[in-house]
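What follows is calculated from the coordinates using simple rules that are stated; it is not laboratory data. Note that the coordinates shown come from a computational prediction; the quantities given were computed from them, not determined experimentally. All Cβ positions, even for glycine, are placed from backbone atoms using ideal geometry, and neighbour counts span all protein chains on display.
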Amino acid sequence: MTWWHAGACVALVALVASTAVAPSATAGAAQSVAAARAVDILTPEQHFGFKMGTEGKLAAYPDVLTYMKLIAERSDRVDYETIGSTTMGNEYATVIISSPANLRRLDRLVEINQKLSDPRNTTPEEARKLAEEGVPFYHLEATIHSSEVGNGQAINDIVHRLATEDSDFTKNVLNNSVIVLVPSQNPDGQHLIIDHFNRTAGTEYARTYPDLYHKYTGHDDNRDWTMFTQVEAQYRLALEKKYRPAIVHIMHQKGNTGSRIFVPPYGGITSENVPANMSSSVSAIGQHAARELAAAGKTGVGSLDYHIFWTLEQPVGYFPFTGSGVYLTEIASVTDYAYPQVSQDGRPLGPQQARMNLIEPYRSNTWTLADIVDYAKIATYAGMEYTADNGGKLLYDNLYAVPYEYMTQGVPSGTFAFVVDAKQRDPYATFEMLQRLEWTQVEIDRATSEFVAGGKRYGAGSYVIKMHQPRGNWAHQVLGVDTYPEVRDCADCPALLPYAEATTSLPLQLGVDVAEIRSPFQANLERVASVKVPPVTMPTAPGDKGAYLVRPESYGTVQIVSALQNANIPTFRSAKSFTGEGVSYPAGTYVVPATPQARNVLATAAAKVGLQVTAVSRAPRTPGVQLKPQTKVGLLRGVGNMPGGWDMWQFDQYGINYDVVSAQDFQRKSLNELYDTIVISHGVSREDIVEGLDPKEYGEEYSWAYGVGDKGWRKLQQFVRNGGTLLAIGDSVETSQELLNLPMKPALPDDEDQFTTGGSLLHQEFDPNNPVAWGMPESWPVWLYDTQAWELTGDSGQVVSNYPAEGDVLASGYLRGAEHIRGAVNIASFTVGKGQVVTYGSEITFRTLTRSQFNLLYNAIYHGPAAAVDADAVQHLRPQFGPDGAPAQR
Ligand SMILES: [Zn+2]
């Protein structure tokens, strides 16, 4: 990513210089500077042609950036920086606002923040001095959820005020803090939503945007704070690491039935990993905002809600662990982004009983975009004022004391360290986990010799992550096993479920063996300077009769297989375990002819994922399959469906040969002309496919998502019966059952009081001899949120995996009603006509976090279209397909 500074416009600099008279600060000179600003810097109304918050009017995102750039050019209080390009090629920018003196010493202020956040090299005495010299940074994220458009309008007024006003308030904020404004954390969504809104003005079409407001994530753009998969999340992480804000203000909107605005304190359960300073500093800010709102006559101010501090990784993520106080505001939304919300029955909006968490209920029956803009501005000014007023304390208590406490005290649970055995089933998973720790500044050590920890012997090269380190609590949060508590507000109340998920365990999600060690141990350690993919070397080329082998355990193999597929290299898989030159290989091992071309492709792909390719001088004599070259995948993702977006991201990352299945595809005679395998993402119902989007509401550009009717539904049935492979994930299993009358029935009760997980990892037993589970261990947890587990009702289905009938079911998180899921089927495969169906009851691709389960999908994607081959054909690597994928001529 590039960090460049917006070049100042020469003509404008000259203009300002000529009006800003003298350096001697006489009252007259100060007034003329202020006057020049008022003239040079247009108000939002002058710039956009309407007041922010005007009914039915939204400033487009590029215009907002243009306005910010203009202000930066004309004001010595504002700088504009382009951080980089977004997923869809738009501009991700920041606006830095402070006094001219602070902007001139910005490098020093950043350096102070860096030193404060580094208790390894800064003593408490030095930190106190630095906290006096520095000023706190206030990170203001105006939107991340792109349909929550009001805050993104309010920032135009906010920046204009800070750039032009000479009041005690602005002087205080500018002199005593630095504002780092991110106009949008998801610029693509601002384009998609507001452009659609403006394009449909005066038409019969719906004003609301129907699809994901990001190429891949949509609303889940705020659920990427452990893996940082998207470029925007990576920019955000880079900003955090660069500026070290003491306060992070994230501006959101919510539904329209509750309070008009939420401000902290938060409610509900909190994790012991959360720094206390962080929580209390934002509670204070929230209540300062509540007071300011009340003083301005604004009612309906609520608090003690949003219990987001259990699974921190999702809505707020890494940032509180660095000491940043996360100040969340959630303002009630309006109708179609920009039109008033008026209560149907004429009664006032929101709860009407005054309580301590809603001191003055909102008494009007109407709520407008202008209200959102007003509330957003007041809450923001309050946050800025509090931060400026409490700079030294925030700098010391948040930036310094939080990591200092972890470093000196360790973590509340008393855990000493986590140990990652050098020997892992999946070296690529281990790499991806360690890389995320590195990105989030966790210190990783590597043992230079054998050692014993927790009663177990570990080899040299094993990793040790100690808890006594500045990011100790974060490491504990993402490496540990979670036990979500059973908490009720009253004896008969239901247990409080987590806001997002009940666990964040990276090792279990990715498939890494990690041990939590409670008591101290001795080991010879060296600090890992940089996490790298394990180095691999290609074996000596075997003779003509030999073959290259790739073991099937790692999800990194997906990228090797897609490279082989895209290069059209014959790829076989052994259906049985075998021994090759003294080494045993499991069922599912890939067998590739020892050609120079195959060698090149394997060398490049294997190096990327750090997986060792081996060679045997004679290909194994074992029955198996040959994958169909260039297997073509169709993704039925569902319009506006987040799991479908994540599946697309995964396919794009891994180089899968796929297209999103469109309504136009159903106009073909048969879907088999287009696809070998169709994947139905979690969350796609029969109605989504048959009814789809209404052409009366959405124009031609959304025609791919129009309904395909009963005729299309029958074509999908025919696709399977004709030999296609259909894979259904999560609650799309019900869709596939409806489609093909599969012999299965739900095992779990619908009633949440009887069964729920709140998003947890549950133990799972696999059949590694079933082609869908090739390479899987016999047991490893799967992710289960609110989808079904199943019972097979006939003999025609094969069980690929099930929940354990005995012993623990919960691996990490929360589980109510374990008895309902014991022994239930999760993954099953069926033969239907000439085709194959695999049903995955759990979300095996959940936000692309559950990577330990990915091979369950990719195995099936390629296995259905593959050709069965006998032992002789594998041994002679005899192709069953021509290069075009058609059966080979014999
Ligand atoms: Zn939101």
ask   = What does the charge add up to near R128, with Lys and Arg as +1, Asp and Glu as -1, over the other residues with Cβ less than 14 Å from its Cβ?
value = -2
query = Could you give the angle, 0 to 90 degrees to the nearest 10, between helix 642-654's Cα long axis and the longest principal axis of the Cα atoms of the chain?
reply = 70 degrees
key: Between 0 and 90°, nearest 10: helix 61-74 axis offset from the chain longest Cα axis   = 40 degrees
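When only Cα pairs under 8 Å and 6 or more residues apart are kept, what is the percent relative contact order across the chain?
Computed over the chain, the figure is 10 percent.
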request  = Can you put F228, F766 in order of Cβ neighbours within 10 angstrom, beginning with the fewest?
outcome  = F228, F766
ask   = Under a 5 Å amide H to amide H cut-off, with H placed in plane at 1.01 Å, what residues pair with F881 once short-range neighbours are removed?
value = A888
Rough spin-label spacing in nm, given labels placed 7 Å along Cα→Cβ, for E165 and T43 = 1.3 nm
query = Separation between the A101 and N172 pseudo-spin-labels, each 7 Å from Cα along Cα→Cβ, expressed in nm?
reply = 1.7 nm
Peptides 231-239, 117-125 ordered by average Cβ neighbours within 10 Å, highest first = 231-239, 117-125
inquiry  = Under the rule of at least 5 residues apart or a separate chain, name every residue whose amide H is placed under 5 Å from the amide H of Y658.
reply    = V633
remark   = Taking a crude spin-label model, label points 7 Å out from Cα along the C-beta direction, the W704 to D389 distance in nm is 5.2 nm
request  = Could you tell me which of rounded, prolate or oblate describes the stretch 178-227, using a ≥ b ≥ c as the square roots of the eigenvalues of the alpha-carbon gyration tensor, with rounded for a/c under 1.5 and, failing that, prolate when a/b is larger than b/c and oblate otherwise?
outcome  = oblate
inquiry  = Using each residue's phi in the stretch 619-635, evaluate 6.51 cos²θ - 1.76 cosθ + 1.60 at θ = phi - 60° and report the 3J(HN,Hα) Karplus result to the nearest Hz, with x for Gly and Pro.
reply    = 4, x, 9, 8, x, x, 9, 10, 5, 6, x, 6, 3, 9, 10, x, 10
Considering only the chain, percent of DSSP beta bridges that pair antiparallel, nearest 5 = 65 percent
ask   = Is it possible to state the helix-based mean residue ellipticity at 222 nm for the chain, with each DSSP H run of 4+ residues giving -39500 (n - 2.57), the sum divided by total residues, to the nearest 500 deg cm²/dmol? What is it?
value = -9500 deg cm²/dmol
task = Could you sort out which of K298/K393; K254/K377; K632/K669; K715/K834; K171/K377; K215/K711 sit more than 19 Å apart by Cα distance in this structure?
result = K298/K393; K215/K711
task = Return L369, L304 ranked ascending by Cβ neighbour count within 10 Å, so the fewest neighbours appear first.
result = L304, L369
request  = Return the lysines within reach of K576: Cα separation strictly under 21 angstrom, same-chain partners fewer than 8 residues apart disregarded; answer none if there are no such residues.
outcome  = K545, K628
query = Hey, if you put +1 on the Cβ of every Lys and Arg and -1 on every Asp and Glu Cβ in the chain, which of Q612, N156, V838 ends up farthest toward the positive end of that dipole?
reply = Q612
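Determine, from the Cβ-Cβ distance of S280 and Q353 and an R0 of 30 Å, the FRET efficiency 1/(1 + (r/R0)^6), rounded to the nearest 0.05.
Numbers: r = 28 Å, r/R0 = 0.92.
The value I calculate is 0.60.
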query = Around A615, which amide H atoms from residues at least 5 apart in sequence, or from another chain, sit under 5 Å from its own amide H, with H modelled in the peptide plane?
reply = L549
